[in-house]
Amino acid sequence: MITVIPLCVAGVISRLAFRMNYFPLLGLIAGATTDPPALAFSNEQTPTDLPAVAYSTVYPLVMFLRVLSAQLLVIFLA
């Protein structure tokens, strides 16, 4: 539930509030989970490179936030 609920909320908000297209949304969700097989699936769904562009935009930010959150947890819980 820790993984699924935030992804569903982000997907619904991106689709309804920001009117994001389906294909970049696939890449966004794949990048948020840092899941290359999900990116491969979304690349198979469309002839464009929109999922890969969204994935490459979100992936570095997510990796940075993972490292930062782990360090903050160590600082605050130690």
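Compute the angle between helix 22-32 and the longest alpha-carbon principal axis of the chain, please, reported from 0 to 90 degrees and rounded to the nearest 10.
20
Using only helices, what value at 222 nm comes out for the chain when you add -39,500 (n - 2.57) per DSSP H run of length 4 or more and divide by the total residues, to the nearest 500 deg cm²/dmol?
Value at 222 nm, helices only, nearest 500: -26000 deg cm²/dmol.
Based on the alpha-carbon gyration tensor of the chain, what equivalent-ellipsoid semi-axes (square roots of 5 times the eigenvalues) come out, in whole Å, largest first?
Listed largest to smallest, the semi-axes of the chain are 26, 14, 10 Å.
Roll a 1.4 Å probe over the protein chains and send me the accessible area per residue for the chain in Å².
72
Arrange the residues Ile29, Ile5 by how much accessible surface each exposes, largest first, with a 1.4 angstrom probe.
I get Ile5, Ile29, largest accessible area first.
Helix 4-16 versus the longest principal axis of the chain: what is the Cα-based angle in degrees, 0 to 90, to the nearest 10?
The angle comes out at about 50 degrees.
Can you pull the percent of the chain's accessible area that's carbon plus sulfur, 1.4 Å probe, other chains left in place?
75
If you count only protein heavy atoms and use a 1.4 Å probe, how large is the accessible surface of Asp49, to the nearest 10 Å²?
The value for Asp49 is about 100 Å².
With angles folded into 0 to 90 degrees, how steeply does helix 50-77 sit against the dominant principal axis of the chain? Use alpha carbons for both and round to 10.
10
The values are calculated or read from the model by the stated rules, or taken from the named source; none is laboratory data. Everything numeric in this text was worked out from a predicted model, so none of it was measured. Just the protein is used for accessible areas: all its heavy atoms, side chains included, with ligands, DNA and RNA removed. Shrake-Rupley method; radii C 1.70, N 1.55, O 1.52, S 1.80 Å.
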